[in-house]
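Please read the structure below before turning to the comments.
What follows draws every value from the coordinates through simple rules; no lab data is involved. Just so it is clear, the structure is predicted and the values come from calculations on it, not from any experiment. Note that each Cβ is placed from the backbone with ideal geometry, even for glycine, and that neighbours are counted across all protein chains shown.
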Amino acid sequence: MNHSSNADMKGIIDAITWKSYLFLVYEWNLNPSEAAALAGLPVHLWVRAKEPGFAAELTEYQLHRIRSTFCIAKSLDRRFSSAITNQWFFQPNTDVLFGGRRPIDLMMVGGGDQLRAVQDYVDSLPELQ
């Protein structure tokens, strides 16, 4: 593949990832601060990014954060119903990892290590049979 094709492919991946993330934000009813923090974006860019025709150019860090969020949600879906999965992110959790905070709060303020810790926690939960 040549350089132009690589750039085109990255643009397509960014657009698909971005549209999927917008759906998740809508589904979870995240406010602008939460949506921006979870994706690793400044709030002013999040506001602009919701405008029609916005072409997302996501950094590797932002792609990682969004993909990790999707992986955590998918892993929860294998364990609970969608309604419980959506609630799980917003309910205080007494596990040591969360210290009484909501999982979404830990995911927003933490870097890749925090997202990995949440993923590991969710992966340790038993799956539905």
Inset, instruction - Please identify every one of the GluC sites (Glu not before Pro) in the stretch 38-129 that sits in a loop by DSSP and has no more than 12 other beta carbons within 10 Å of its own beta carbon. - result: 57, 127
Legend entry - Theoretical gain in end-to-end length, residue 124 to residue 23 [0.36 nm per residue, Cα-Cα removed]: 33.7 nm
Inset, instruction - Give, rounded to the nearest 20 debye, the magnitude of the charge dipole that the stretch 81-129 has about its Cα centre when Lys and Arg contribute +1 at Cβ and Asp and Glu contribute -1 at Cβ. - result: 180 debye
Inset, instruction - Taking all pairs of distinct Cα atoms, average 1/r, flip it, and tell me the Kirkwood hydrodynamic radius of the stretch 3-123 in Å to one decimal place. - result: 15.0 Å
Legend entry - Student exercise, the stretch 1-128 dipole from Lys, Arg, Asp, Glu Cβ charges, in Debye to nearest 20: 120 debye
Legend entry - Sites residue 6 and residue 94, calculated FRET efficiency, Cβ-Cβ separation with R0 41 Å, nearest 0.05: 0.35
Legend entry - Near-label residues of the stretch 91-129 by backbone N, under 16 Å of a point 7 Å along Cα→Cβ of residue 81: 128-129
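Could you work out the helix-only [θ] at 222 nm for the chain, with each DSSP H run of four or more residues adding -39,500 (n - 2.57) and the total divided by the number of residues, to the nearest 500 deg cm²/dmol? Show your work: numbers first, answer last.
Working: 7 runs with 85 residues, N = 129.
-20500 deg cm²/dmol, from helical runs alone.
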Inset, instruction - With r as the distance between the Cβ atoms of residue 60 and residue 109 and R0 = 22 Å, compute the FRET efficiency 1/(1 + (r/R0)^6) and round to 0.05. - result: 0.65
